[in-house]
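Quick notes on the structure that follows.
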Amino acid sequence: MPKPKSFTTWLKTHADQRNAIGDLARDVSADPDWPSRKGRQGQHDYLEECGAIDAAIDTLERAWTQYEVYRAAQSDA
């Protein structure tokens, strides 16, 4: 069974979407300082430190929820 993608890799696959998660994916793809390996809390903290608007932080949380569904589906496969 293939190993599930990391959150950041998974998120970047959504860069073509024309919605808030797609916007976040494009921003993450363009950010050389994005903390890929810091996990959900580290990424949340990073957005706050960068002065991100509440909607961006909410989008990160929604993306993580979708990612967890993806991971669960991968482990069930």
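What follows is calculated from the coordinates using simple rules that are stated; it is not laboratory data. Bear in mind that the values here come from a model prediction, so they are computed numbers and not experimental data.
What are the ³J(HN,Hα) values, in whole Hz, obtained from phi via the Karplus relation 6.51 cos²θ - 1.76 cosθ + 1.60 with θ = phi - 60°, for each residue of segment 36-49 in sequence order, with x given for Gly and Pro?
Result, rounded to whole Hz: 3, 9, 8, x, 4, 5, x, 6, 4, 4, 4, 4, 4, 4.
Using only Cα atoms, find the angle between the long axis of helix 20-30 and the longest principal axis of the chain, and express it within 0 to 90 degrees, rounded to the nearest 10.
The angle comes out near 80 degrees.
If contacts are Cα pairs under 8 angstrom and at least 6 residues apart, what is the relative contact order of the chain in percent?
31
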